[in-house]
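Derivation of every value follows stated rules applied to the coordinates shown; laboratory data play no part. Bear in mind the structure is a predicted one, so any value in this text is a computation, not a measurement. Every residue, glycine as well, gets a Cβ built from its backbone with ideal geometry; the counts of neighbours run over all protein chains shown.
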Amino acid sequence: MNLSETYTKNQIDKLGNTLIFLCEKMNSVNPLSKTHILKLIFIIEEISIKKFGIPFFDLKFVVWKLGPVSTVLFSELTEEIVLLSDYISKLDSQKPTYIPLRSFCDDEFSDVEIELLNEVANRFLYCTAKELINHTHKKNSAWYNTAKENNILEELESGRIPITNIEIDLSKTIADDDYKLSLYKNHKEFLNQSRLLKL
């Protein structure tokens, strides 16, 4: 999948600057691995939807054994960094980590979004990749509930199924809040219309 065909320049810029922010805040304590980044991006998206009813990035996340995973971001971090090459670089080693290529730019962020980024960076500053996986896999999490609803929880946990294309519907985390759910649906509709206009 080509990120530039699916997401706007502003969304790519927001994702890239979020990665810069996380690297700047967290690398001195715990150098960010691919797993760290994938989990932190999901956590930011989930918290944003739960708090405000609005997706932070509007990325699609699917259920993998070590998920939740944005397959677009996974590909970008696993292979040669192309679309995010203005923002981060991979330090090649047995366990690659990522570094920022420039300073964080807050142009794409509101004040509450900056607060959310700080909250996540501070809360998970000392977490290992394994601890982040455990956090996103805990009982009644979006990952857990999606796997259970699709009758693959046991297969994922045992490793019999390592990856799926089953999307995690984060709107279910706010299903009991009509106001936030309305904001979420309106925002998704606005983004879809914006993408259509750019085709």
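Tell me whether the chain comes out rounded, prolate or oblate; compute the Cα gyration tensor, take square roots of the eigenvalues as a ≥ b ≥ c, and use a/c under 1.5 as the rounded threshold.
It is rounded, given that a/c, with a ≥ b ≥ c, falls under 1.5.
Using only side-chain charges placed at the Cβ, +1 for Lys and Arg and -1 for Asp and Glu, the dipole size of the stretch 1-149 relative to its Cα centre rounds to 800 debye.
A simple rule links phi to the HN-Hα coupling: the Karplus curve 6.51 cos²θ - 1.76 cosθ + 1.60 with θ = phi - 60°, which for the stretch 8-14 gives 6, 4, 5, 5, 5, 4, 5 Hz, with x for Gly and Pro. Longest stretch of the chain clear of exposed loop sites (GluC sites (Glu not before Pro), DSSP loop, at most 14 other Cβ atoms within 10 Å, sites excluded): 81-199. Cβ-to-Cβ counts within 10 Å put Y184, Y179 in ascending order as Y179, Y184, the fewest first. For S89, the amide hydrogen comes within under 5 Å of the amide hydrogens of I99, L101, counting only partners 5 or more places away or on other chains and with H modelled in the peptide plane. Taking Cβ atoms as reference points and 11 Å as the exclusive limit, the residues near H137 contribute a net charge of +3, counting Lys and Arg as +1 and Asp and Glu as -1. Computed over neighbours whose Cβ is under 12 Å from that of L19, the net charge equals +1, Lys and Arg +1, Asp and Glu -1. For E79, the shell of other residues with beta-carbons less than 15 Å away shows a net charge of -1, using +1 for Lys and Arg and -1 for Asp and Glu. Shape class of the stretch 19-59 from the alpha-carbon gyration tensor: prolate, with a/c at 1.5 or above and a/b greater than b/c. For I163, the residues 5 or more places off, or on other chains, whose built amide H falls under 5 Å of its own are K65. The modelled label-to-label distance for the pair L191/K139, using points 7 Å beyond Cα in the direction of Cβ, is 3.2 nm. Using θ = phi - 60° in the Karplus curve 6.51 cos²θ - 1.76 cosθ + 1.60, the 3J(HN,Hα) couplings for the stretch 122-132 round to 6, 5, 10, 3, 9, 7, 7, 4, 4, 5, 5 Hz; x is entered for Gly and Pro. When C105, C127, C23 are arranged by Cβ crowding within 10 Å, least crowded first, meaning fewest neighbours, the order is C105, C127, C23.
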